[in-house]
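Since the structure comes first, as structure tokens, the remarks are kept for the end.
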Amino acid sequence: MSHHGAVHTADDLSTRALLRTTLIVVGSLALAALVAFPLREPIFVAVAGGLGGSPLGPLFAAVAEHGMYLFVLAAAAGAVWTWLRDRARFWLLATGGIGVIAAYLLSELVKVIVTEERPCRTLDVQGALACPAVGDWSWPSNHSVLAAAFATALLLTFPWAARWLIAWAALLAFSRLAAGVHYLHDVLSGLALGTLVVVAVVLAMRALVLRVGARPGSGLG
């Protein structure tokens, strides 16, 4: 087998592995969201009601409100480092960034179509965060979508950081439930959507990125 053929075979195997892993993760999250949906109110009351007035309430509120900045800083630092040191990874992270934007826009579209009311408006539970304004719908959780999208884009670029990225995305998503502004199925669905869209965008743009990278002075290859 030629070197050229070996590279394409390895690339195809990597794509298949990524698709298989994504389907398992997204399918598991979607299934968990379906299971949680009929139990959404008791779960919300137990978690948000139990943690809202506890000493952990302010901690979850801080993560829920400001935790996304850590992902933004990580993405910015990763973009600078890869631009200077590894241009191929930069373009991978850049396509992941396009996926983050696409995931957010899609989640906003879904929210205005579904118009699920926030649990803090329909249930008598005092959460750690103030309830968002009327018309700021609940499903899916935008913060969870962005957490999963950022985590996926960074994970594809820096696989060695997978454990920390997944842990922070999960904590950020859970904090939206714990702080009293989302149901559990909102955050699980958001995690699934963010993951799926970023992987889809990265794979869809892979051929284009390889063509750009093949040009002289691109820093790729």
If the chain between Ala162 and Ala32 were fully extended at 0.36 nm per residue, the gain over the current Cα-Cα distance would be 44.7 nm
Charge dipole of region 86-221 built from unit charges on the beta carbon (Lys, Arg +1; Asp, Glu -1), centred at mean Cα; most positive-end Cα among Tyr104, Val198, Ala173 is Val198
In nm², the average projected area of the convex hull spanned by the Cα atoms of region 8-91 is 8.5 nm²
For Gly53, the residues 5 or more places away or on another chain with a placed amide H closer than 5 Å to its own amide H are none
For region 3-213, the dipole about the Cα centre with charges only on Cβ (Lys and Arg +1, Asp and Glu -1), to the nearest 20 debye, works out at 620 debye
Subtracting the Cα-Cα distance of Leu109 and Leu208 from 0.36 nm times their residue separation yields 33.0 nm
Nearest 10, in degrees from 0 to 90: the angle of helix 57-66 to the longest Cα principal axis of the chain is 40 degrees
For region 3-213, the Debye formula with one identical point scatterer on each Cα and no solvent gives log10 I(q)/I(0) at q = 0.16 Å⁻¹ as -1.02
If one compares the long axis through the Cα atoms of helix 142-157 with the longest principal axis of the Cα atoms of the chain, the angle in degrees, nearest 10, works out at 20 degrees
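Each value in this text was obtained by applying a stated rule to the coordinates, not by laboratory testing. Quantities reported herein were computed from a predicted structural model and do not represent experimental measurements. Heads up, the Cβs are rebuilt from the backbone with ideal geometry, glycines too, and the neighbour counts pull from every protein chain shown.
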